[in-house]
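The values are calculated or read from the model by the stated rules, or taken from the named source; none is laboratory data. Small disclaimer: the values here were computed from a predicted structure and weren't measured. Glycine also receives a Cβ, built like all others from the backbone with ideal geometry; neighbour counts cover every protein chain displayed. These accessible areas exclude ligands, DNA and RNA; they are computed on the full protein's heavy atoms, side chains included. Shrake-Rupley method; radii C 1.70, N 1.55, O 1.52, S 1.80 Å.
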Amino acid sequence: MSATLHDVARAAGVSIKTVSNVINNYPHVRSATRERVEAAIDELQYRPNQAARSLRSGRADMIGLIVPDLRNPYFAELADDVMRAARAHGFSVLIEQFDAERDSELAALRGARRRGLDGVLYSVLSLGEDDAALLDEVGMPMVLLGERIFHSAHDHVTMRNTEAAYAATAHLIAAGRRRILALGSHPGEVVGSAGLRLRGYEAALAEAGRELDPRLVVPVDRWHRIDGAEAMRAVLNSGVQFDGVVGFNDSLALGAMRVLLERGVRIPEEVAIVGFDDLDETRYSLPALTTIDPGRSEIARVAVDLLVERITGDAEVAPREFLADFHLVERESTRS
């Protein structure tokens, strides 16, 4: 027979109300009391009746994370950060992945309401500024991630794409690199990770008095390792000369680095490489990859904080925009 709230209260020597306060993360419970209750919960293996709690609170204590592609390690690591941040608030996370099609993205959004979520963190991919009104149809608290929609009726948390790509490029210029490849552009894109990072690359070249060579701007549709590898093979086969690479994400940079090493190119002596995202695996590649830490953990924490404030009604303010801090992490791929 499973333990009840009364059993926990009896074992901990407190009232049922105190046990309830601990379970619901009520802040004004003495540490010693909280520890005693939590020990009783663990010993008795008590599991709260989530359905009953939801009926009383009007909440499911569950938020959604809607992202484009969990094969992209950035989103997998972001999901981990979001789950950790949500857990600190007593929320679980349901992850919904959509593909590159607009209809798939819209279906994921509409499905959030049917699943009874309290709110949604949504990383926008195919929608744009003109679609901002569609977000209101979801009918629940929402925080936007990414670069596609700014100045909507929802809180928005993102990274400093342009400034960070500028820093990556400037790092290579300061190291004496003359011909720097921009790997991962999306031709014609203005708003979006690729467009914003290309803008930072161009700004760094301009400030250094370098002319932009279109042959050094390499379009890549998808940002996986295989795409970076295939793009680098094409560049090497074309005969274009370069001594530096700014990968618009770490996966592209790692794929490109593999091909360079296969071809006998010495890194960083002949070609220096910088990535973007500071994935965990970049610490363990050979050579270890210099990269941009875009503040992913901060993005997750702030986004969850803002969403929880909207869910609980603690934030009756205008939509907020937050840009995470970044820094360059120098490792072996650029260190002479």
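Some notes on this structure:
- Look at segment 227-240: where a residue is over 12 Å from Leu260 (Cβ atoms) and a partner is of a type in the set (Gly, Ala, Ser) and surrounded by 14 or more Cβ atoms within 10 Å (Cβ to Cβ), sitting 6+ places away or on another chain with Cβ atoms under 8 Å, you get Asp227/Ser251; Asp227/Gly255; Glu230/Gly255.
- Among the conditions (1) buried (at least 22 other Cβ atoms within 10 Å of the Cβ); (2) in contact (Cβ under 8 Å) with a residue 60 or more places away in the chain, Val124 misses just one, which is (2).
- Selected residue [of a type in the set (Ser, Thr, Tyr) and not assigned by TED's automatic domain parsing to the domain that holds Asp213] from Ser193, Ser152: Ser152
- The set of residues in segment 244-267 that are in contact (Cβ under 8 Å) with a residue 60 or more places away in the chain and touching an Asp or Glu at 6+ places or on another chain (Cβ under 7 Å) comprises Asn249, Asp250, Leu252.
- Residues (open to solvent by 20 Å² or more (accessible area, probe 1.4 Å) and either out of contact with any helix residue (DSSP H, G or I) (no Cβ under 7 Å at 6 or more places or on another chain) or on the phi > 0 side of the Ramachandran plot (or both)) located in segment 307-324: Glu309, Arg310, Ile311, Thr312, Gly313, Asp314, Glu316, Val317, Ala318, Pro319, Glu321, Leu323
- Within segment 89-119, the set of residues being open to solvent by less than 20 Å² (accessible area, probe 1.4 Å), under 17 Å from Leu70 (Cα atoms) and either out of contact with any Phe, Trp or Tyr (no Cβ under 8 Å at 6 or more places or on another chain) or not in a helix (DSSP H, G or I) (or both) comprises Phe98 only.
- Residue that is within 25 Å of the chain's Cα centre (by Cα), surrounded by 15 or more Cβ atoms within 10 Å (Cβ to Cβ) and within 16 Å of Ile273 (Cα to Cα), where the choices are Gly184, Gly195: Gly184
- For segment 72-85, the criterion of being assigned to a helix (DSSP H, G or I), of a type outside the set (A, V, I, L, M), in contact with a Leu (Cβ under 9 Å, 6 or more places away or on another chain) and modelled with pLDDT under 90 is met by no residue.
- From the list Ala208, Ala168, the one residue that fits, being at pLDDT 95 or above and open to solvent by 40 Å² or more (accessible area, probe 1.4 Å), is Ala208.
- Members of segment 241-283 that are within 19 Å of Arg71 (Cβ to Cβ) and open to solvent by 30 Å² or more (accessible area, probe 1.4 Å): Arg258, Asp280, Glu281
- Against the numbered list (1) at pLDDT 70 or above; (2) among the hydrophobic types (A, V, I, L, M, F, W, C); (3) surrounded by fewer than 20 Cβ atoms within 10 Å (Cβ to Cβ), Leu65 comes up short only at (3).
- Among the residues examined, Ala318 qualifies as free of Cβ contacts under 8 Å to residues at least 24 places away in the same chain and of a type outside the set (Ser, Thr, Tyr).
- Yes/no for Val218 being modelled with pLDDT of 95 or more, part of a strand (DSSP E or B) and open to solvent by less than 30 Å² (accessible area, probe 1.4 Å): yes
- Segment 148-165 - residue that is at pLDDT 95 or above and touching a Lys or Arg at 6+ places or on another chain (Cβ under 7 Å) and, of those, surrounded by the most Cβ atoms within 10 Å (Cβ to Cβ): Ala165
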